[in-house]
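Reading through the structure tokens given below for one structure.
What follows is calculated from the coordinates using simple rules that are stated; it is not laboratory data. Model, not experiment: these values are computed from the prediction. Cβ coordinates were reconstructed from backbone atoms using ideal geometry, including for glycine residues, and neighbour counts include every protein chain displayed.
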Amino acid sequence: MAAINYSEKIPNNVNLGEDRALQRALEQWQPQFINWWDDIGPADSANSEVYLRTAISVDPQGWAHFSHVKMRDYRWGIFLHPGDSERRIHFGDHKGEKVWNEVPGEYRANLRRIIVTQGDTEPASVEQQRHLGLTAPSLYDLRNLYQINVEEGRHLWAMVYLLHKHFGRDGREEAEALLVRRSGDENNPRILGAFNEATPDWLSFFMFTYFTDRDGKFQLCALAESAFEPLARTTRFMLTEEAHHMFVGESGIARIIQRTAQRMNELKTDDVGRLRAAGVIDLPTIQRYINFHYSVTIDLFGADESSNAATFYNTGLKGRYEEAKRADDHMLQGQTYKVLEARDGQLVEKDVPMRNALNEVLRDDYIKDSVAGVERWNRVLEKAGISFRLRVPHKAFHRQIGALSGVKLSPDGQLLSDAQWNANADAWLPSPQDRAFVASLMGPVVEPGKFANWIAPPAMGVNRQSADFDYVRFN
Ligand SMILES: [Fe+2]
Ligand SMILES: [Fe+2]
């Protein structure tokens, strides 16, 4: 078998061709990655040619090109955002010092943990989404799913590059383990909870890409501030791709709402049974999916009070969202932040040291950003003349992590007894009947330009292609 020329095979701006040790590590890892893709990547997709965007440079004007390719032949590039050789650490105890291009020995374990935790989410989402291609509502949507899948694969490459380049033998072992854990596997699950949940249908998929990929955005933004320059530069470029993932989620849900609103107006009804009989997803079901995905995702930010979060900030490994734009001293000593806890049957705010509350700070930034998109969904309803409004639940609703885990709360923030919770949970979270109904709508639509009954067509095609473009060719 001819050796692969990795510097050609892997588009990159990291001088891959000149780093023998890195090449050797990748030569070992790359076939394992392809095995993983064949084994647990998008089901039944091996022969399909997909109209994909491939990152080819970091030039903002022309960083990608589009063409029909088989996904396993996708060129999983390695790109770092252009660095600034003068960049200084701008927060924490090392503020003002030069950024690091090598891993400082004393922070090695924490940095590796941060990179592995981020890296683990990338293949996990591909695994979670692997059956969705069998029931896509259109070729346009199928292509977007596959686009996201290959880019999550590239994000895995981005983290593996850091592990191989900067962490030697234990980095290589961690890189291998990233291909061995499996989403939802009892014995060897993915690291974070939300990445072990199933993504069984397209409503879940759009919710996942809206809410959970947005968690990715906030984590990547916090890592893009890192004093470890290769991590900052890598994550900065990943954000370029992440924007599209969130767009798929936000526009996907908007199109579902648009279609439902249209049928509500045609039938002059908001009766759930009649709307379901008409083959569209009723708004209360969409609300329950929001409640679920939102609560599972905000858990990803971790415990409200966290000494790890403080350490990561103090040592310069992980900043805050838009650290540079904040007007404070970027040291945060002696400052406090309000977090919620349940005391004597009441939710109360308490002040905790700011550095220990940085998970909560990032969660609150995330919440603001998520709410804005839900308001844009409400505008679709408003425009259709429908009074129903969607909203995110209270941040203490249905939490599994931190001080609020175990608190029983309604979506609007009322503390409940176990009995009250049990009596209402099906009204607030997707019930088995909801999930079965949504599943019953799923079925592939593969004719160019056609869409499933439950979703409106997009306003515009990918890369300005026409409405009946063949985004995926089945061979
Ligand atoms: Fe990603
Ligand atoms: Fe993503």
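Residues with beta-carbon under 13 Å from that of His244, excluding His244: net charge, scoring Lys, Arg +1 and Asp, Glu -1? Charge balance in the 13 Å sphere: -1. When the helices in the chain are scored as -39500 (n - 2.57) per DSSP H run of 4 or longer and the sum is shared across all residues, what 222 nm value do you end up with, to the nearest 500 deg cm²/dmol? My calculation for the chain gives -15000 deg cm²/dmol from helical runs alone.
Set the bar at 20 Å for Cα to Cα. Now go through Lys268/Lys383; Lys368/Lys395; Lys9/Lys165; Lys368/Lys408; Lys338/Lys368 and name every pair that lies beyond it.
Lys368/Lys408
Peptides 379-389, 435-445 ranked from most to least packed give 435-445, 379-389, packing being the mean of other C-beta atoms within 10 angstrom over each peptide's residues. Electrostatic tally near Val438: other residues with Cβ closer than 13 Å to its Cβ, Lys and Arg +1, Asp and Glu -1, net 0.
Relative contact order of the chain: 19 percent, from C-alpha pairs under 8 Å at least 6 residues apart in sequence.
Segment 338-392 and segment 33-52 have Cα centres spaced 37 Å apart. For the pair Gln346 and His65, label points projected 7 Å from Cα toward Cβ lie 6.6 nm apart.
In the chain, the C-alpha radius of gyration followed by the widest Cα-Cα span (Dmax) gives 22.8, 69 angstrom. Between His131 and Ala419, residue separation times 0.36 nm minus the direct Cα-Cα distance comes to 100.0 nm. Among beta bridges from DSSP that stay inside the chain, the antiparallel ones total about 90%.
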